[in-house]
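For reference, the structure discussed in these notes is given below.
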Amino acid sequence: MKFDSLDIARASIEIAISSSRSEEDKKVKSFRDQGIKTVAVDIGGNLIDSIPKIIERAIISARRTGVVKESHVHDGAVAGAAREAIMQVAEKASGLNAGGKIGIARYEEHLSVTIFMSIGLLHLNEVVIGLAHRSIPDWT
């Protein structure tokens, strides 16, 4: 079966919103069986101060799990999509603590990064989601 950018965006969202490590592992395996490479990265802390670390963790986890290869083009695509997804939620997170997960999915030339998180002040939490897509060469 062939997948398009919408399918890969859905996959990254599903990985990002998984509520437990076991659910995440099941989804990763299910997507892998379909030929879609996925990975999730837990994140937390002050979002604005953590942007470089979040992007770095996204790149490293995507490399380690084989979602992308170690190359300037692939690293740049992950970094750019992660940064764009972060910027979509950054306005609500300014100065507050946040916790959540980044979901990364890839199929052939389609790469999608989703950030799903809770932003809180005491018990008043806001839930936000950001999504970005990049096209990269299929070097599989």
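When the helices of the chain are scored as -39500 (n - 2.57) per DSSP H run of n ≥ 4 and the total is divided over every residue, the value at 222 nm lands at -15500 deg cm²/dmol. Working ranking of peptides 57-63, 112-118, 90-96 by packing, defined as the average number of other Cβ atoms within 10 Å per residue, highest first, is 112-118, 57-63, 90-96. Counting every other Cβ atom within 10 Å of each residue's Cβ, Phe3, Phe31 order from fewest to most as Phe3, Phe31.
Of Lys2/Lys29; Lys29/Lys69; Lys53/Lys92; Lys26/Lys92, which sit over 23 Å apart, Cα to Cα?
Lys26/Lys92
With K and R counted +1 and D and E -1, the other residues having a Cβ less than 12 Å from that of Ala62 yield a net charge of +4. P(r) for the chain, from all Cα pairs and a bin width of 10 Å, is 13, 47, 31, 8, 1 %, short bins first.
Averaged over residues, the count of other Cβ atoms within 10 Å places the peptides 47-53, 129-135, 18-24, 97-103 in the sequence 97-103, 129-135, 47-53, 18-24, highest first.
Remark: relative contact order (the chain) = 31 percent; criterion is Cα-Cα distance under 8 angstrom and separation of 6 or more residues.
No value in this document is a laboratory result; all are computed from the given coordinates. None of the values given here were measured: they were computed from a predicted structure. Ideal geometry is used to build each Cβ from the backbone, glycine not excepted, and the neighbour counts take in all protein chains shown.
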